[in-house]
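Q: Before we start, here is the structure in question, set down as structure tokens.
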Amino acid sequence: MKLHVAIAADHGGFELKQELIRRLGDSLDIVDKGADEFDATDDYPDFVEVVGRAVMEGEVDRGIIICGSGVGACVAANKMPGIRACVCHDTYSAHQGVEHDDLNVLCLGARVIGVEVATELAVAFLMARFSGDERHKRRLEKVQSFERDRLSRREEATDNLEPALESGPAETDDDE
């Protein structure tokens, strides 16, 4: 059974994405989430969102996002619940991040690495499996607790805001 992988890129990573799909397409079930054509005005967060949602919702097993440096895509991806993304420009980090940290999204910088290294990174990332070692599970649970805490604080803030919204705008003493 082939690994199901979503891949997307903005204009900075468009050519590299096309080449990775060509090189890896026979071994993987690749879902191309865009861009469908080069557009110098597109924005990486739009592509991060579609790959992140595909991973979050279980549509795919893993995701690859490519932009100019990989950094912006990584920052954006890690804002999404359940996404554990990393910029990797060496094969050790690409496989170790999955094995120890259960990474599910690889971010690449097309202006930083070439197609040969990108292919090696993608293969290392996609072939790796989470170790399941107790120490790695313990650490992952601690990281996931950050996300749960942030989400619960957001829900609490929303709950506190609702009564104020229901009562309407506050009265003011302005004579204007």
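Q: Where does the chain land at 222 nm, in deg cm²/dmol rounded to the nearest 500, when only DSSP H runs of n ≥ 4 count, each adding -39500 (n - 2.57), divided by all residues?
A: -16500 deg cm²/dmol
Q: What order do you get for 44, 92 when you list them from fewest to most C-beta neighbours inside 10 Å? Mind showing how you got there, number by number?
A: Numbers: 44 28, 92 9.
Listing 44, 92 from fewest to most nearby Cβ atoms yields 92, 44.
Q: Another question about this same structure. Taking only Cα atoms and a 10 Å spring cutoff, compute GNM fluctuations for the chain and point out the largest among 134, 99, 162.
A: For the chain, modelled as a Gaussian network with Cα springs under 10 Å, the answer is 162.
Q: Could you check the simple spin-label distance between residue 75 and residue 143, using points 7 Å along Cα→Cβ, in nm with one decimal?
A: Result for the modelled spin labels: 2.0 nm.
Q: What nm distance separates the two modelled labels at residue 39 and residue 155, each placed 7 Å from Cα along Cα→Cβ?
A: 3.5 nm
Q: Fewest Cβ neighbours within 10 Å first, please rank 115, 105 accordingly.
A: 115, 105
Q: Excluding residue 68 itself, calculate the net charge of residues whose Cβ lies under 11 Å from the Cβ of residue 68, where each Lys or Arg counts +1 and each Asp or Glu counts -1.
A: Charge balance near residue 68 sits at 0.
Q: Largest first, please: the extent of the C-alpha atoms of the chain along each principal axis, to the nearest Å.
A: Ordered largest first, the chain gives principal extents of 69, 45, 28 Å.
Q: Taking θ as phi - 60°, what are the ³J(HN,Hα) couplings along segment 78-87 by the Karplus curve (6.51, -1.76, 1.60), each to the nearest whole Hz, with x for Gly and Pro?
A: Couplings: 6, 7, 8, x, x, 8, 10, 10, 8, 7 Hz.
Q: Also: PRE reach from residue 57 (point 7 Å along Cα→Cβ): which of segment 78-94 fall under 15 Å by backbone N?
A: Within reach of a label on residue 57, which here means backbone N under 15 Å from a point 7 Å along Cα→Cβ, segment 78-94 contributes 81.
Q: Compute the helix-to-body angle for 14-24: its Cα long axis versus the longest principal axis of the chain, expressed 0 to 90° and rounded to tens.
A: Between the helix axis and the principal axis of the chain, the angle is about 50 degrees.
Q: Once phi is turned into θ = phi - 60°, what whole-Hz ³J(HN,Hα) does the Karplus curve with 6.51, -1.76 and 1.60 give for every residue of segment 116-124, x standing for Gly and Pro?
A: Calculated HN-Hα couplings, in order: 5, 5, 4, 5, 4, 5, 4, 5, 4 Hz.
Q: List 119, 158 from most exposed to least, where exposure is judged by having the fewest other Cβ atoms within 10 Å.
A: 158, 119
Q: Could you derive backbone 3J(HN,Hα) for segment 45-50 from the dihedral phi with the Karplus parameters 6.51, -1.76 and 1.60 (θ = phi - 60°), listing whole Hz in sequence and x where the residue is Gly or Pro?
A: x, 5, 7, 4, 4, 5
Q: Within the chain, count lysine pairs with alpha carbon atoms under 25 angstrom apart where the residues are 8 or more positions apart or belong to different chains.
A: 7
Coordinate-derived values only; no laboratory data. Here the structure is a predicted model, which is why all the values come from computation and not from measurement. Because the Cβ atoms are built from the backbone with ideal geometry, glycine has one as well, and the counts that use them run over all protein chains shown.
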